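Below is one structure, written out as structure tokens; the observations come after it.
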Amino acid sequence: QVQLVESGGGLVQAGGSLRLSCAASGRTISSYNLGWFRQAPGKEREFVSRINWTGGSTNYAESVKGRFTISRDNAKNTGYLQMNSLKPEDTAVYYCAVSRFGWTSTWSQYDYWGQGTQVTVSS
């Protein structure tokens, strides 16, 4: 079993930055692909970004490309999402998830996920 805990969310003004962390416990995630997703009120959960187990491949949703950067530190068993130039439409609960075999942007294909952290961007 893998437990994931997100942190780093909060309230920020438009144009500001936040860095989300996803700390894993129970098992090393160094062999897992890691993804970030978000869900705004009244909307479906959507893909934000993913990084493969080595950290050598990344992928972003068009809406965050150029503003968000995903990374990981396998020695710390932690993933990160650096969010810059935040916009009000980035407001959502952000979730991290890991997948042992899937390299995918589909939420349901991930094996474990965290409880989420709220990000609110004011205009």
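The values are calculated or read from the model by the stated rules, or taken from the named source; none is laboratory data. Source: prediction; values computed, not measured. Here the Cβ is made from the backbone with ideal geometry for all residues, glycine too, and neighbour counts use every protein chain on show. Ligands, DNA and RNA are excluded from the accessible area calculation, which covers all protein heavy atoms including side chains. Shrake-Rupley method; radii C 1.70, N 1.55, O 1.52, S 1.80 Å.
How do 47, 37 rank by accessible surface area computed with a 1.4 Å probe, from largest to smallest? Let's see the in-between values first.
On the way: 47 35, 37 0 Å².
Descending accessible area places them as 47, 37.
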Query raised in the report: How much solvent-accessible surface does residue 76 expose, in Å² to the nearest 10, with a 1.4 Å probe and all protein chains in place?
Result: 130 Å²
Report summary line: To the nearest 20 debye, the chain has a Cα-centred charge dipole, built from +1 on Lys and Arg Cβ and -1 on Asp and Glu Cβ, of 180 debye
Report summary line: For residue 3 and residue 40, extending 7 Å from Cα along the Cα-Cβ vector and measuring point to point gives, in nm, a value of 3.3 nm
Query raised in the report: Can you give the accessible area per residue of the chain, in Å², using a 1.4 Å probe?
Result: 49 Å²
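If you roll a 1.4 Å probe over the chain with all protein chains in place, what percent of the accessible area is carbon or sulfur?
On the way: 2840 of 6070 Å².
Reported share for carbon and sulfur atoms: 47 percent.
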Report summary line: For residue 59, other-chain or 5+-apart residues with amide H closer than 5 Å (H placed, Pro excluded) are 50
Report summary line: quick shape note, segment 1-56: Cα extents on principal axes in Å, largest first -> 35, 24, 23
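Once you have the Kirkwood Rh of segment 71-123 from its Cα pairs, apply Stokes-Einstein at 25 °C and 0.890 mPa s and quote D in µm²/s. Don't skip to the answer; put the middle values down first.
Working: Rh = 12.9 Å.
Using the Kirkwood radius from Cα pairs, D works out to 190 µm²/s.
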Requested in this report: Please turn the phi angles of segment 88-102 into ³J(HN,Hα) values with the Karplus equation 6.51 cos²θ - 1.76 cosθ + 1.60 (θ = phi - 60°), one per residue in order, whole Hz, x for glycine and proline.
Outcome: x, 6, 7, 4, 4, 8, 9, 10, 9, 8, 10, 10, 6, 10, x
Report summary line: A correct Stokes-Einstein calculation for the chain, using the alpha-carbon Kirkwood radius, 10 °C and 1.306 mPa s, returns a whole-number D in µm² s⁻¹ of 113 µm²/s
